[in-house]
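The values are calculated or read from the model by the stated rules, or taken from the named source; none is laboratory data. Nothing here was measured: the structure is a model prediction, and the numbers come from that model. Positions of Cβ are backbone-derived with ideal geometry, glycine not excepted, and every protein chain shown enters the neighbour counts. Heavy atoms of the whole protein, side chains included, go into the accessibility calculation; ligands, DNA and RNA do not. Shrake-Rupley method; radii C 1.70, N 1.55, O 1.52, S 1.80 Å.
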Amino acid sequence: MLHVAAFAIAGYSFLEARSGNKTFNPLMGETYECVREDRGWKFIAEQVSHHPPISACHCEAKNYVFWQDYRPRVKFWGRSIEVLPQGNVHLLLPLHGEHYVWSKATMCIHNVLSADSRWMDIYGEVDIVCNKMTCTLTFPRARSASDTKDEVFGVITDEHGQVVRQLFGKWNEALFCGTERKSAKCIWRMAALPDEHELYYGFTRFAIELNELDPALKALLPRTDTRFRPDQRALEEGRINDAETEKVRVEQMQRNRNKELEERGSKWTPAWFRKIEANDTWVANGKYWDARAHQFAHSNLVQLW
């Protein structure tokens, strides 16, 4: 449970460096895969809904399976933007018979229109549940950029509700187990960001590599993969005008597809994920890697761009 709590917190650590940049909105049906044979895992994600926006992902390795669907609900308050993520995160450890489930905290970007005074806050409670154990992580809400910003506290309780571990730290720095910093054990510490990361959207070393497209990989990917997206590629290569033109074009194509579906009375069907109506979650349908082995010959994938 300690390491899962650290894993959950680490997911917020890079957000502050990226708070001044707006991401590309994924197109419905857009996908992304990442295969790391050197680390023994493979990952697939798909944009399964446009209104509301929902992204689903699935990662599997020998010793674990990870999946989630992410559906952000955004509120604009004039000088700040609040993002309330819906949906749960799942981590299955088959060898231990453990299935961890947790939600996500709220993110707020303050002074969003002012680059000099912009700052970000994470707040709320996150409950990580597995069998009869629970870890409750508390992210205090800061009143200002100089207040108790970035802090996180946590307790792990057993089946009787008794506290067995205490956690504290900062979500963009490190997490400790114990009651006092001098004697506490460091469970996780954030890795250093690359030099001049401010010029590269605050990307980590890992994130910088994700849009790389070499010839060997290009032959394996479906045409819906993000690395083929022309507006994103043009921006990466510094062709700003081309990026804007392509962005308008691909978004208009999406509107046209949605209009055609509406006129036919049809609904969009994701290629690689299915919805479980009973608990309103999205899970992988298990078809992606087999289709990949056959070069997506019979997948009938939509032309996104």
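Helix-derived [θ] at 222 nm for the chain: sum -39500 (n - 2.57) over DSSP H runs of at least 4, divide by residue count, nearest 500?
Numbers: 7 runs with 59 residues, N = 305.
Value at 222 nm, helices only: -5500 deg cm²/dmol.
A 26 angstrom limit on the alpha carbon distance is what I want to check against. Which of LYS104/LYS275; LYS267/LYS287; LYS170/LYS275; LYS22/LYS149 exceed it? Mind dumping the intermediate values first?
Working: LYS104/LYS275 20 Å; LYS267/LYS287 20 Å; LYS170/LYS275 35 Å; LYS22/LYS149 22 Å.
Over 26 Å Cα-Cα: LYS170/LYS275.
For the stretch 41-100, state which trypsin sites (Lys or Arg not before Pro) are in a DSSP loop and have at most 15 other beta carbons lying within 10 Å of their beta carbon. Please list the in-between numbers first.
Working: sites: LYS42, LYS62, ARG73, LYS75, ARG79; in loops: LYS62, ARG79.
Within the stretch 41-100, the qualifying trypsin sites (Lys or Arg not before Pro) (loop, at most 15 other Cβ atoms within 10 Å) are LYS62, ARG79.
State in Å² the accessible area per residue of the chain; use a 1.4 Å probe, count heavy atoms of protein chains only, and round to the nearest integer.
Numbers: 17870 Å² over 305 residues.
About 59 Å² of surface per residue is accessible.
For the chain, what is the largest minus smallest coordinate of the Cα atoms on each principal axis, given in angstrom and ordered from greatest to least?
58, 49, 40
Give me the percent of Cα-Cα pairs in the stretch 216-305 that sit more than 20 Å apart, rounded to a whole number. Write down the numbers at each step before the final one.
Details: 2118 of 4005 pairs.
That fraction is 53 percent.
What part of the accessible area of the chain, given as a whole %, is carbon or sulfur when the probe is 1.4 angstrom? Walk me through the intermediate numbers first.
Details: 9270 of 17870 Å².
Roughly 52 percent of what the probe reaches on the chain is carbon or sulfur.
Take every Cα-Cα distance within the stretch 1-158, group them into 10 Å bins from 0 onward, and report for each bin the whole-number percent of pairs it holds.
Per 10 Å bin, starting at zero, the Cα-Cα P(r) for the stretch 1-158 comes out as 9, 33, 36, 19, 3 percent.
Note the full-extension length gain between MET253 and ARG143 as 0.36 nm times their separation in residues minus their Cα-Cα distance, in nm to one decimal.
Working: separation 110, 0.36 × 110 = 39.60 nm, distance 4.31 nm.
35.3 nm is the gain from fully extending MET253 to ARG143.
Which order do ASP69, ASP290, ASP195, ASP127 take by accessible area at a 1.4 Å probe, largest first?
Details: ASP69 5, ASP290 95, ASP195 135, ASP127 70 Å².
Most to least solvent-accessible, the answer reads ASP195, ASP290, ASP127, ASP69.
Farthest toward the dipole's positive end in the stretch 1-146, which of PHE66, PHE7, VAL112, given Cβ charges of +1 (Lys, Arg) and -1 (Asp, Glu) about the Cα centre?
My answer, from the dipole projection, is VAL112.
Give a residue-ordered list of calculated ³J(HN,Hα) values for the stretch 248-261 (Karplus: 6.51 cos²θ - 1.76 cosθ + 1.60, θ = phi - 60°; whole Hz; x for Gly, Pro).
Whole-Hz 3J(HN,Hα) from phi for the stretch 248-261: 4, 5, 5, 6, 5, 4, 5, 4, 5, 5, 5, 5, 5, 4.
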